[in-house]
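None of the figures in this text is laboratory data; all of them are computed from the coordinates on show. If you're wondering where the values come from, they're calculated on a predicted model, not measured in any experiment. Reconstructed Cβ throughout: ideal geometry from the backbone, glycine too, with neighbour counts over all protein chains shown.
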Amino acid sequence: MAAISDAGHQRRSPPVPLLTAVPGASVCPDHCGQRCSSVAKVMRLVSQRLRWWPILALASGLMFSSGCAAKASFIGTELTPAQVAAPFTLRDQFGQDLELSSLKGKVVVMAFLYTNCPDICPLTTRTLGKAYDALGEDVRETAFVAITVDPERDTVEQVYRYSEQMAMLHKWAFLTGSRQEMEPVWRDYYVAAEKESSHDASAQGAATGYLVGHSAPVYLIDRDGKLRVAFASLPLVPQPLVNDIRLLLNEGG
């Protein structure tokens, strides 16, 4: 498959201002000692780095309806009007090329994370695994996709090891590529990723010299390949995800 090109891509207004996974933070007692980012830290990082996103959204006149608004059925943030998900081709944990378009006809669950993340990414991975298991037979019509925000370290071999370690090897496609391939994907899905020096000797990424501060959206793409729902609150939990996946599956039923 040809490398992803940025040529011809039209910049779209961001669907929703998204929260960010921040290295470090307080211990979360509900997740076996895993550290959770505090809301205050997240909001500070969003305001410092991503303050242009809400401005673009206002300029475009893009409207959002949340789970407590007109359509109470979706628990995540419904993205209206629905936009076609930007196409890409990347490599999965088995070294096989995967085109997003090949998943049309299924509901796609798309997350952005990296394997050396010490806090939010492992929690998100476990949540995706629980959602996968909770779907039962519906999982046959669903595709789980993780996309790296750390292409230098997340080689095919590394994402394979991580997927196996997290019991996700045959439950998702963990996609990676060169930085040149990844950056257009991040841009199309409004994901910011920035290397940060680690001063925490206990952090998993400290051994390799850096962590990655990144926005952490989880998107749901419907059977027609359109972005429909975004989960921006951290940490992600399974039940709302399962609820909204099933709503999208029923639309195509």
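Brief remarks follow.
- Protection proxy ranking, peptides 110-117, 136-143, 187-194, 148-155, average beta carbon neighbours within 10 Å, highest first: 110-117, 148-155, 187-194, 136-143
- Relative exposure of Ser215, Ser101, judged by other C-beta atoms within 10 Å (fewest first): Ser101, Ser215
- Volume of the convex hull of region 95-161 (Cα atoms only), normalised per residue: 96 Å³.
- For the pair Asp97 and Glu194, a Förster radius of 45 Å applied to the C-beta separation gives a FRET efficiency near 0.95, rounded to the nearest 0.05.
- Proximal aspartates and glutamates to Lys171, defined as alpha-carbon separation beneath 15 angstrom and excluding residues fewer than eight positions away on the same chain: Asp92, Asp133, Glu137, Asp138, Glu141
- Over all other residues within a Cβ to Cβ distance under 12 Å of Lys195, the charged ones net out to -2, with Lys and Arg as +1 and Asp and Glu as -1.
- Between the C-alpha center of region 96-113 and that of region 119-136 there is a gap of 17 Å.
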